[in-house]
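Engineer: Pasting a structure below so you can have a look.
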Amino acid sequence: MNLIRPAVWAVLEQHLEDAAFCWLRRQDALWSPLFSRDELGLVDRVLDAHLEGLRVAGAAAIAPALENLERWQTPDEAFVSTYVLAHTPAPTALAQLEGAIGDDEELATGAAAALLWAGSDAALPLLQRWWNSSEPALRHAALPAAMRHPRVKRSTVVLDSEEDADPWLRARAYRVIGEWRLEEFRDRARRGLDDIAARCRFEAAAALSLLGDAKAAERIEEELPALQGRTRRRAVLAWAGGVSSEAFALGFNRLAQDPALHRDLIWALAFRGDAAGLSQLAWWLQFPAHARLAAYAISHVTGMDLEEEGLWQEDAAQADDGDEEAPADDSDDVDEDDGLLDPDTAGLAAWVDAQGVRFLSGHCYLGGEPLQTAVLRDEQATLPQLWQRAYRDCRRGDAVPLTQMCSPVLE
């Protein structure tokens, strides 16, 4: 539906700004221990409300959306511009958007997300146009939506991508093989283990792990230091959950030699869920840089709530809230444990020591339940716990939970 009255520019600009902000916030939240599925849904519903405003505005939203993209050159502005143009085609404006994506392939992340949010009918023309483009960044933007679209043959997309010269497309093809459980492409994933690009080797190993190959999962350890961001977090999960107990112990000891990987190892213990790792997590509580994340990891495995158990430092939280003289920090980097409660390290370590009867060494747990049967309520489980559950279910043969983890939560 398009406006039949002039746009109210102040309102339109607010929709543009807040849509970009909300999408960026959901990106940051996707692996955050601070968010549950329901809390992500709150962000998504606000985002959808702003996108509805842009759909109503129609053509009036095109110029200001592209102005914002030209000014900021960020994936969130590419998300908004792509979403607007998916619903209101405009050839000249579309060429401008495509030029920006071609100049900076980082923008493809936002454009790809917009096609998923736009819906299958609205996304199809752009999806087809970009998939048939010679510009790699546009093909990047088209591929995630193509894999989900009911009118696109998934196997054709995988074959085209896996044979592409672009390592990003090859990596994405290998990822698809595992997450959609495309058994017919197992040999191609195995070929990817020898790819020249670390990202491709990781995605191939992770895919084979999801298809039940524990030996291939061991290869992920080698590629971990070269990966970044959410890809690295997926790698830790795929490795920790996919290898044998012996391989995990050996790999853990090797990786522990590099202090830069210690936070990854805390996540690995959380995702492994073995009660034998709880004492290691308790040991990490003594280090201020790792204490909050280690406390979360203990909660991730055991289901313990720091606040309910009174195992947090209330004075520390109040000091953080009231510290108006803290030095300004211009860095864009935000630690993944920012916002988590500061644990009472001595009390929490004692709590872990007392759990030997309930959590048995050699047995794996998720949220306090045995990993193999853990259900977890979406409104209570954190997103990292739900990612772990989805990986477990995918290994069992159900591709849907994992392929839906990034989908909009609007119900």
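Engineer: Against the condition modelled with pLDDT of 95 or more, aliphatic (A, V, I, L, M) and either closer than 19 Å to residue 350 by Cβ or in contact with a Gly (Cβ under 8 Å, 6 or more places away or on another chain) (or both), how does residue 282 come out, does it pass? So that I can check it myself, show each step before the final result.
Structural biologist: Values: modelled with pLDDT of 95 or more: yes; aliphatic (A, V, I, L, M): yes; either closer than 19 Å to residue 350 by Cβ or in contact with a Gly (Cβ under 8 Å, 6 or more places away or on another chain) (or both): yes.
So residue 282 passes the test.
Engineer: Oh, and also: Could you tell me whether residue 209 is under 30 Å from residue 398 (Cα atoms), open to solvent by 10 Å² or more (accessible area, probe 1.4 Å) and of a type in the set (S, T, N, Q)?
Structural biologist: No; evaluated as a whole, the condition is false for this residue.
Engineer: Would you mention how many residues in the stretch 359-394 are touching a residue at least 40 places away in the same chain (Cβ under 8 Å) and either over 25 Å from residue 35 (Cβ atoms) or over 20 Å from the mean Cα position of the chain (by Cα) (or both)?
Structural biologist: 10
Engineer: Another question about this same structure. Only residues that are buried (at least 19 other Cβ atoms within 10 Å of the Cβ) and hydrophobic (A, V, I, L, M, F, W, C): list them for the stretch 360-370, please. Reasoning before the result, please.
Structural biologist: Initial filter on the stretch 360-370 (buried (at least 19 other Cβ atoms within 10 Å of the Cβ)): 364-367.
364, 366 - these are the residues of the stretch 360-370 that are buried (at least 19 other Cβ atoms within 10 Å of the Cβ) and hydrophobic (A, V, I, L, M, F, W, C).
Engineer: Of the residues in the stretch 165-185, how many are crowded, with 17+ Cβ neighbours inside 10 Å and of a type in the set (D, E, K, R)?
Structural biologist: Qualifying residue count, the stretch 165-185: 5.
Engineer: Another one. If you go through the stretch 275-293, how many residues are assigned to a loop (DSSP other than H, G, I, E, B) and either surrounded by 16 or more Cβ atoms within 10 Å (Cβ to Cβ) or among the polar types (S, T, N, Q) (or both)?
Structural biologist: So the count comes out to 2.
Engineer: Of the residues 17, 39, 67, 77, only one is farther than 18 Å from residue 110 by Cβ and either surrounded by fewer than 21 Cβ atoms within 10 Å (Cβ to Cβ) or at pLDDT 95 or above (or both); which?
Structural biologist: 39
Engineer: Here's something else I'd like to know. Looking at (1) aliphatic (A, V, I, L, M); (2) surrounded by 19 or more Cβ atoms within 10 Å (Cβ to Cβ); (3) over 29 Å from residue 176 (Cβ atoms); (4) touching a His at 6+ places or on another chain (Cβ under 9 Å), can you tell me which one residue 270 breaks?
Structural biologist: (3)
Engineer: Then there is this: Those residues that are exposed (fewer than 15 other Cβ atoms within 10 Å of the Cβ) and more than 24 Å from the chain's Cα centre (by Cα), I need them from the stretch 132-154; list them, please.
Structural biologist: 132, 134, 151, 153 - these are the residues of the stretch 132-154 that are exposed (fewer than 15 other Cβ atoms within 10 Å of the Cβ) and more than 24 Å from the chain's Cα centre (by Cα).
Engineer: Now for a separate question. Specify which of the listed residues (261, 281, 265) is touching a residue at least 60 places away in the same chain (Cβ under 8 Å) and hydrophobic (A, V, I, L, M, F, W, C). Explain how you work it out, then say what you get.
Structural biologist: Working: 261 fails: touching a residue at least 60 places away in the same chain (Cβ under 8 Å); 265 fails: touching a residue at least 60 places away in the same chain (Cβ under 8 Å).
Testing whether each residue is touching a residue at least 60 places away in the same chain (Cβ under 8 Å) and hydrophobic (A, V, I, L, M, F, W, C) leaves just 281.
Engineer: Spot the failing condition for residue 181; the list is (1) outside any loop (DSSP other than H, G, I, E, B); (2) touching a residue at least 40 places away in the same chain (Cβ under 8 Å); (3) of a type in the set (Lys, Arg), and only one is missed.
Structural biologist: Against the list (1) outside any loop (DSSP other than H, G, I, E, B); (2) touching a residue at least 40 places away in the same chain (Cβ under 8 Å); (3) of a type in the set (Lys, Arg), residue 181 comes up short only on (1).
Engineer: Yes or no: residue 202 assigned to a helix (DSSP H, G or I) and more than 25 Å from residue 229 (Cβ to Cβ)?
Structural biologist: No.
Engineer: Based on this model, can you work out whether residue 129 counts as open to solvent by 60 Å² or more (accessible area, probe 1.4 Å) and modelled with pLDDT of 95 or more?
Structural biologist: It is true that residue 129 is open to solvent by 60 Å² or more (accessible area, probe 1.4 Å) and modelled with pLDDT of 95 or more.
Engineer: Among (1) on the phi < 0 side of the Ramachandran plot; (2) in contact (Cβ under 8 Å) with a residue 12 or more places away in the chain, where does residue 212 come up short?
Structural biologist: The one condition residue 212 does not meet is (1).
Engineer: Residues to consider are 38, 48; find the one that is within 30 Å of residue 342 (Cβ to Cβ) and part of a helix (DSSP H, G or I).
Structural biologist: 38
The values are calculated or read from the model by the stated rules, or taken from the named source; none is laboratory data. Every value quoted in this text rests on a predicted model; they were computed, and no experiment measured them. Positions of Cβ are generated from backbone atoms using ideal geometry, with glycine treated the same way; all protein chains shown enter the neighbour counts. Heavy atoms of the whole protein, side chains included, go into the accessibility calculation; ligands, DNA and RNA do not. Shrake-Rupley method; radii C 1.70, N 1.55, O 1.52, S 1.80 Å.
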